[in-house]
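The values are calculated or read from the model by the stated rules, or taken from the named source; none is laboratory data. Keep in mind the model is a prediction, meaning the values are calculated, not measured. All Cβ positions, glycine included, derive from the backbone under ideal geometry; neighbour counts span all protein chains shown. All accessible areas refer to the heavy atoms of the entire protein, side chains included, with ligands and DNA or RNA removed. Shrake-Rupley method; radii C 1.70, N 1.55, O 1.52, S 1.80 Å.
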Amino acid sequence: MSPALQIALLLGSVVVLLGLMAVVRVLSRVWGFSSEVQRKLVHIGTGLYALTLPWLFPDRWPIYGLLGLTVVVMLVLRRPGSRLGQTLHGVDRQSYGDLLLALSVGLCLFLAGDRLYLYVLPIAVLTLSDAFAALAGKAYGSIHFTVEEGQKSVEGSAVFFAITLLISFVCLMLMADLAPLNIIVLSVMVASFGTYVEALSWRGFDNMFLPLGLLIFLTVHAEDSLADLAALAVLFALCVVAFNRVAAKIGLSKHAARVYVVAVFLLLAVTEVQNAIFPILVLGAHAWCRNATPCTAKYPDLDIVAGLALVSFGWLTLGNATQWNAVSFYGLTTMGLMIGLCALALTRQALGVRVVALAAIVLAAMALRAVIHDLNPDAANWNGPMWAIGAISAVGMASIPSVFPSGFVRARVTKLTLLSLAIPLLSYLYAIDISRLWT
């Protein structure tokens, strides 16, 4: 297929998306669909269309262009007064689901590579299981549990589990070369993990956590032995028990504690233990910071998990895109985020105490980073120990929030995340450019 024809198909796809939204809007007037039903119908239609993309376009670049254009269209439809946008944004809660859906489709397609079941299975679960669970819960739900400001139903979660189990079994059987018993065990684990993640979703973040979480899980563990899969299930159960025990002691809600379980489990499942230390310390530093110097965020415990997830998925994608291992730079980012949270937690202390405490935290973080560096293989340390870069990042993250604490009262997680990314990201881009000059 020629580039011109693929561009025409790209633009036609956007027209189809807008046409779908218009049709749903018209049908809602005729049949009285609620805002939730309208949103789910668009969700199903766009998700099913997304499943055809690897076969519809012979090249990948038009798909990424289509998804980028879709994000632009979604942002335009978010304008106040947009009638067409009401099919997506007519619900009474704040949601970023439409934007995160487009982002997740692109990331899943990129990370799946030639193993298309890693794309099809997560997107099919997100499209079908999520939509039908929501509609079933709305229509038949009688046993509810609270999630952020809303509620979900046990009946909806049961529907999600059943549909996900079927999707997983069919996809793995038809698209993956795995032993039958492994397919059964993996399908049960995928359905269980997916149901747990979906039940914890807030503001549409399940559109990111669910497909990418399933993709990462399958990428790492699809070919594990049955014994390894059993050990992984035990690890997840231990995470649940551990966080349930400490949640109340550090002021976490039950919902936030379960979200932390998913975050820690994915970190331990996808990377070596030493590279999960700083991300886990970020969660601990946030708990300290939230109690010592509260911010204006309504759900700060959920915000930090979302920020940490975006950083983690972002570095994973960037490393895969450039083929230059990004683990060390990811460690620098999470180390900086942890130090920044500690700096804010100390802002109410006397200046002398603050300086001494921050100096101790920075030195301890650098010492821990040295240990992690020695434990990682040469492939992860290809840019050397980066002591100077690490020290500059650590001192900056300790100083800026400490000197300007009022600047972090609003949008704290967003600002700290961007600040912690600045030096590691610039260093990474500079390093891979220099490295290419020598290869």
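Restricting attention to the stretch 347-362 and to residues that are outside any helix (DSSP H, G or I) and in contact (Cβ under 8 Å) with a residue 24 or more places away in the chain, the residue that is least open to solvent (accessible area, probe 1.4 Å) turns out to be Thr347. Go through the residues of the stretch 387-404 one by one and say whether even a single one is more than 23 Å from Ala359 (Cβ to Cβ) and loosely packed, with under 14 Cβ neighbours inside 10 Å. Looking for residues that are more than 23 Å from Ala359 (Cβ to Cβ) and loosely packed, with under 14 Cβ neighbours inside 10 Å, one finds none in the stretch 387-404, hence no.
Listed conditions (1) part of a helix (DSSP H, G or I); (2) closer than 17 Å to Pro401 by Cβ; (3) among the small types (Gly, Ala, Ser) are all met by Ser312, apart from (2). Here is the figure for the stretch 374-384: residues that are surrounded by fewer than 15 Cβ atoms within 10 Å (Cβ to Cβ), under 28 Å from the mean Cα position of the chain (by Cα) and without any contact (Cβ under 8 Å) to a residue 60 or more places away in the chain total 4. Within the stretch 52-66, the set of residues being of a type in the set (A, V, I, L, M, F, W, C), open to solvent by less than 20 Å² (accessible area, probe 1.4 Å) and in a helix (DSSP H, G or I) comprises Leu53, Ile63, Leu66.
On the given criteria, is Ala365 open to solvent by 20 Å² or more (accessible area, probe 1.4 Å) and either within 16 Å of Val409 (Cα to Cα) or more than 17 Å from the chain's Cα centre (by Cα) (or both)?
Here the answer is no, as Ala365 does not meet what is asked.
Of everything in the stretch 241-258 that's β-branched (Val, Ile, Thr) and either surrounded by fewer than 15 Cβ atoms within 10 Å (Cβ to Cβ) or at pLDDT 75 or above (or both), which residue is farthest from Ile304 (Cα to Cα)? Top of the filtered list is Val241. For Leu100, state whether it is open to solvent by 10 Å² or more (accessible area, probe 1.4 Å), under 21 Å from Ala199 (Cβ atoms) and at pLDDT 85 or above. Judged against the criteria, Leu100 is not a match.
A quick yes/no check of all residues on (1) open to solvent by 40 Å² or more (accessible area, probe 1.4 Å); (2) in contact with a helix residue (DSSP H, G or I) (Cβ under 6 Å, 6 or more places away or on another chain); (3) farther than 20 Å from Gly106 by Cβ:
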residue: Ala8; (1), (2), (3): yes, no, yes
residue: Gln38; (1), (2), (3): no, yes, yes
residue: Gly45; (1), (2), (3): no, yes, no
residue: Ala50; (1), (2), (3): no, yes, no
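For the stretch 290-321, the set of residues classified as at pLDDT below 80 and under 8 Å from the mean Cα position of the chain (by Cα) is empty. Just one of the numbered conditions (1) modelled with pLDDT under 95; (2) touching a Gly at 6+ places or on another chain (Cβ under 9 Å) is not true of Met338: (1). Among the residues making up the stretch 288-312, those that are out of contact with any Cys (no Cβ under 8 Å at 6 or more places or on another chain), among the hydrophobic types (A, V, I, L, M, F, W, C) and closer than 17 Å to Gly336 by Cα are Ile304, Val305, Ala306, Leu308, Ala309, Leu310, Val311. Residues in the stretch 288-321 that are hydroxyl-bearing (Ser, Thr, Tyr) and open to solvent by 40 Å² or more (accessible area, probe 1.4 Å) were compared, and the one that is farthest from Leu100 (Cα to Cα) is Thr296. Would it be correct to say that Tyr428 is in a helix (DSSP H, G or I), under 30 Å from Cys108 (Cβ atoms) and open to solvent by 20 Å² or more (accessible area, probe 1.4 Å)? Spelling it out, it is not the case that Tyr428 is in a helix (DSSP H, G or I), under 30 Å from Cys108 (Cβ atoms) and open to solvent by 20 Å² or more (accessible area, probe 1.4 Å).
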